[in-house]
1. Can you report the number of residues in the range 270-318 which are part of a strand (DSSP E or B) and either aliphatic (A, V, I, L, M) or within 17 Å of K234 (Cβ to Cβ) (or both)?
2. I'd like to know if the range 262-278 contains one or more residues that are in contact with a strand residue (DSSP E or B) (Cβ under 7 Å, 6 or more places away or on another chain), among the acidic types (D, E), closer than 26 Å to E309 by Cβ and at pLDDT 95 or above.
3. Could you grab me the full set of residues in the range 66-80 that are crowded, with 17+ Cβ neighbours inside 10 Å and assigned to a helix (DSSP H, G or I)?
4. Testing H239 on (1) closer than 17 Å to M311 by Cα; (2) in contact with an Asp or Glu (Cβ under 6 Å, 6 or more places away or on another chain); (3) open to solvent by 60 Å² or more (accessible area, probe 1.4 Å), one condition comes back false. Which one is that?
5. Starting from the range 37-65, keep only residues that are assigned to a strand (DSSP E or B), then list their pairs with residues that are among the polar types (S, T, N, Q) and surrounded by fewer than 21 Cβ atoms within 10 Å (Cβ to Cβ) whose Cβ atoms are within a distance under 9 Å, requiring at least 6 positions of separation or different chains.
6. Please specify each residue of the range 197-214 satisfying the condition of being part of a loop (DSSP other than H, G, I, E, B) and in contact with a strand residue (DSSP E or B) (Cβ under 9 Å, 6 or more places away or on another chain).
7. The conditions are (1) surrounded by 19 or more Cβ atoms within 10 Å (Cβ to Cβ); (2) out of contact with any strand residue (DSSP E or B) (no Cβ under 6 Å at 6 or more places or on another chain); (3) among the aliphatic types (A, V, I, L, M), and L193 fails exactly one of them. Which is it?
Amino acid sequence: MEKKKLDWENMGFNYMQTDKRYVANYKDGRWDDGALTDDANIVMNECAGVLQYAQTVFEGLKAYTTEDGRIVTFRPDLNASRMVDSAKRLEMPPFSEERFIDAVVQTVKANAAYVPPYGSGATLYIRPYMFGINPVIGVKPADEYQFRVFTTPVGPYFKGGAKPITICVSDFDRAAPRGTGHIKAGLNYAMSLHAIVTAHANGFDENMYLDSATRTKVEETGGANFIFVTKDNKIVTPHSDTILPSITRRSLMYVAEHYLGLEVEERDVYFDEVKDFAECGLCGTAAVISPVGKIVNHGEEICLPSGMEKMGPTTRKLYDTLTGIQMGQIEAPEGWIKVIE
């Protein structure tokens, strides 16, 4: 299929409407067959459950053009599984993992002309999401739901390379123990908006959230997990039941151990020990790894030895290896790459 004539190299990380999207509806206790549609608009009642009580979950993944010209997605089975977990937590009927993957494949194939060419630095972002759509005025789960998938081509998260960022320790809590921090629900991101706007207003790029129970342990940012590199080159990531289980983080830890031969550890990370790490990064779908150069805690600065000019050497190896796997330059572990036939 001939690609759209777009300025791929100068594309930003913004929404651009594509030709098709997938829609399935849940009513009377079952999901319908679902189908692709041209219509990008959603019509719902003013009292829809999602509008009144934020009953919505979502996922994010990407499609790439590999070096040999194939269109692929990266570990969609893990996105499918995580969305099932998210739906169950919000009392929503899960959309099966098999149907999730099929919907993603259908939507990417229908928008293949928008998958950026190899080497452009751009990708096709895929957003599956589900929400309560029937009127709900009492506080209870909706009875009817809609599952949708749309795609949009996006440029690299960082223009001109991934420069280390400066983050601050937030005064706000991201998630409570036994709350919803471990699922990908819209409500978790809504509560982070004031905190990130506040951080930006104070000159910081992102927040570091500490655990709400003791405020002594590192958790995550509003939309990414932390990874740290010790001075003896061990990869450490925080463990917490209120952290969203990042697919990128999980993949990076595997790459560190099995491709780079590094020791990896998932454990409690106390804020007091952050000053002793050699490197720090934020990991997620959009940027893969965002290097952190400085962490500020109410005026106290922690400057990572890796500095503010470029990614630390171990973080760079992790980034290059994972993106090489995603782009088909490095052989992937079995099951990681889903080819869109």
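1. So the count comes out to 12.
2. No, the range 262-278 contains no residue that is in contact with a strand residue (DSSP E or B) (Cβ under 7 Å, 6 or more places away or on another chain), among the acidic types (D, E), closer than 26 Å to E309 by Cβ and at pLDDT 95 or above.
3. P76, L78, N79, A80, listed by residue number.
4. (1)
5. Listed pairs, sorted by first residue: A48/N134; L61/T285; K62/T285; T65/S120.
6. N202, G203, F204, D205, Y209, D211
7. With (1) surrounded by 19 or more Cβ atoms within 10 Å (Cβ to Cβ); (2) out of contact with any strand residue (DSSP E or B) (no Cβ under 6 Å at 6 or more places or on another chain); (3) among the aliphatic types (A, V, I, L, M) applied to L193, the lone miss is (1).
Okay, residues lined up against (1) among the small types (G, A, S); (2) surrounded by 13 or more Cβ atoms within 10 Å (Cβ to Cβ); (3) within 19 Å of the chain's Cα centre (by Cα); (4) modelled with pLDDT under 95:
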| residue | (1), (2), (3), (4) |
| --- | --- |
| C303 | no, yes, no, no |
| G307 | yes, yes, no, yes |
| T314 | no, yes, no, no |
| K317 | no, yes, no, no |
| D320 | no, yes, yes, no |
| M327 | no, yes, yes, yes |
| P333 | no, yes, no, no |
| I337 | no, yes, yes, no |
| I340 | no, yes, no, no |
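The values are calculated or read from the model by the stated rules, or taken from the named source; none is laboratory data. Nothing here was measured: the structure is a model prediction, and the numbers come from that model. A quick note on method: Cβ atoms are made from the backbone with ideal geometry, for glycine too, and the neighbour counts reach across all protein chains shown. Heavy atoms of the whole protein, side chains included, go into the accessibility calculation; ligands, DNA and RNA do not. Shrake-Rupley method; radii C 1.70, N 1.55, O 1.52, S 1.80 Å.
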